[in-house]
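Taking it in order: structure first as C-alpha cells, then the write-up.
Since every read-out is calculated from the coordinates, none of them should be taken as a lab result. Just so it is clear, the structure is predicted and the values come from calculations on it, not from any experiment. Cβ placement follows ideal geometry from the backbone for every residue including glycine, while neighbour counts extend to all protein chains displayed.
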Amino acid sequence: MDTLPTEQLASWIATGEVLVADGRGPKVVRCRDGLLLKILRPRRHIALARLFPAAGRFTRNAECLLRLGFPAPHVREAFWLDRPHGLSGCRYEPLAGQSLEELLAEHPERLAALIPALARFILQLHARHIYFRSLHPGNILLLESGGFGLIDLLDLHLKPLPLSAWHIRRNFRHLEQALQRRQLANFPLDALRSEYERLRRL
Ligand SMILES: Nc1ncnc2c1ncn2[C@@H]1O[C@H](COP(=O)(O)OP(=O)(O)OP(=O)(O)O)[C@@H](O)[C@H]1O
Ligand SMILES: [Mg+2]
C-alpha cells in the first residue's frame, strides 16, 4: 500500500465537504470527484495498525460483502496517510441512499414499515456468516434502488459457520447499546427482534 502525498490529502479536504469530523479532525470527506474519503485512525494498538492498516481491512470487508451479493461501497484506492502512526485511508464510491438513522429522524413511520424487510436483511447477513459488530442505524443505508446496504465496515467478520444463537443475541445487544449511545430510543428494536425471531423459526 502506497503512502499518499500530504498535499493530496490537504487538497481533498480543502476542496471537498467534510461530512463527519471529531476532535482529531475530518473522518469522512465528500471529494469534488464524488468519491468519499475515509480517514482511519487507529483506536488502539498502534503497532498492529502499522502492520495491518485499517484501510486494508475496510477494503477486504467491502469486497467480501460484494462477493456475497450484499451492496457495499466499491473501494477505488487505499493508502497510508501516516504509517508511523498507523494512519491509513481509502476512497470509495458512495452508495446512493439514506441512513436508517436519518430516516428515523425524518420519517419514523417509514422506518417502522421497513422493519420486516430489515429483519430479513439481518437474517440473510447472519445466514451468510456475517457478523457486523457496528450494525446500527447510522451504518445501514436504505438504498435508492431499494434494499439495504452497509457502510463503515471495519468491524465486520466473516465467520466459518452461520451465526450461532449466542452470536445473534450478542449482535442484537450491540445494536441495543449503539441505540442507547446515539440516543435513538424511538428505534423499533423490539419489533425488529420479534420479526427476526419469527423469520428464523420459519
Ligand atoms: N458508502 C457510503 N455511501 C453513502 N454515504 C456514506 C457512505 N459512507 C459514509 N457515508 C456517509 O457518511 C456518514 C458517516 O460515515 P461512517 O459511518 O463511515 O463514518 P463514522 O466515522 O462511523 O461516522 P459516525 O460516527 O457518524 O457513524 C454516513 O452516515 C453517511 O451519511
Ligand atoms: Mg458509522
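Going through segment 139-167 one residue at a time, which ones are charged (D, E, K, R) and touching a strand residue (DSSP E or B) at 6+ places or on another chain (Cβ under 8 Å)?
Step one: filter segment 139-167 for residues charged (D, E, K, R), giving 144, 152, 155, 159.
Answer for segment 139-167, where residues must be charged (D, E, K, R) and touching a strand residue (DSSP E or B) at 6+ places or on another chain (Cβ under 8 Å): GLU144, ASP155, LYS159.
Given the criteria in contact with a strand residue (DSSP E or B) (Cβ under 7 Å, 6 or more places away or on another chain), closer than 16 Å to LEU154 by Cβ and β-branched (Val, Ile, Thr), does VAL18 qualify? No.
For segment 29-71, a residue qualifies if it is free of Cβ contacts under 8 Å to residues at least 24 places away in the same chain and among the charged types (D, E, K, R), and the qualifying residues are ARG32, ASP33, ARG43, ARG44, ARG60, GLU63, ARG67.
Residues of segment 142-183 that are in contact (Cβ under 8 Å) with a residue 60 or more places away in the chain and within 14 Å of ligand 2 (Cβ to nearest atom): GLY149, LEU150, ILE151, LEU153, LEU154, LEU156, ARG182.
For segment 23-68, the set of residues classified as under 21 Å from ILE140 (Cα atoms), within 17 Å of the chain's Cα centre (by Cα) and loosely packed, with under 13 Cβ neighbours inside 10 Å consists of ARG67 only. From the list ALA127, ALA105, the lone residue that is surrounded by fewer than 18 Cβ atoms within 10 Å (Cβ to Cβ), of a type in the set (Gly, Ala, Ser), farther than 23 Å from LEU36 by Cβ and out of contact with any strand residue (DSSP E or B) (no Cβ under 8 Å at 6 or more places or on another chain) is ALA127. Scanning segment 83-110 for residues that are more than 11 Å from ligand 1 (Cβ to nearest atom) and charged (D, E, K, R) turns up ARG83, GLU106, GLU109, ARG110.
Only one residue in ARG181, ARG170 is loosely packed, with under 12 Cβ neighbours inside 10 Å, under 21 Å from the mean Cα position of the chain (by Cα) and charged (D, E, K, R), so which one is that? Of ARG181, ARG170, the one residue that is loosely packed, with under 12 Cβ neighbours inside 10 Å, under 21 Å from the mean Cα position of the chain (by Cα) and charged (D, E, K, R) is ARG181. What are the residues in segment 111-149 that are of a type in the set (A, V, I, L, M), under 23 Å from ARG57 (Cβ atoms) and within 16 Å of ligand 1 (Cβ to nearest atom), if any? The answer is LEU135, ILE140, LEU141. Could you list, in sequence order, all residues of segment 164-180 that are among the hydrophobic types (A, V, I, L, M, F, W, C) and more than 15 Å from ASP190 (Cα to Cα)? Within segment 164-180, ALA165, TRP166 qualify.
Mind checking which strands (runs of 3 or more DSSP E) fall wholly inside segment 12-58 and carry at least 1 residues that are over 19 Å from GLU77 (Cα atoms) and within 13 Å of ligand 1 (Cβ to nearest atom)?
Details: elements: 17-22, 25-30, 36-40.
Counting at least 1 such residues, we get 17-22, 25-30.
Where strands (runs of 3 or more DSSP E) fall entirely within segment 65-174, those with at least 3 residues that are within 26 Å of LEU51 (Cα to Cα) are at 74-82, 87-93, 130-132, 156-158.
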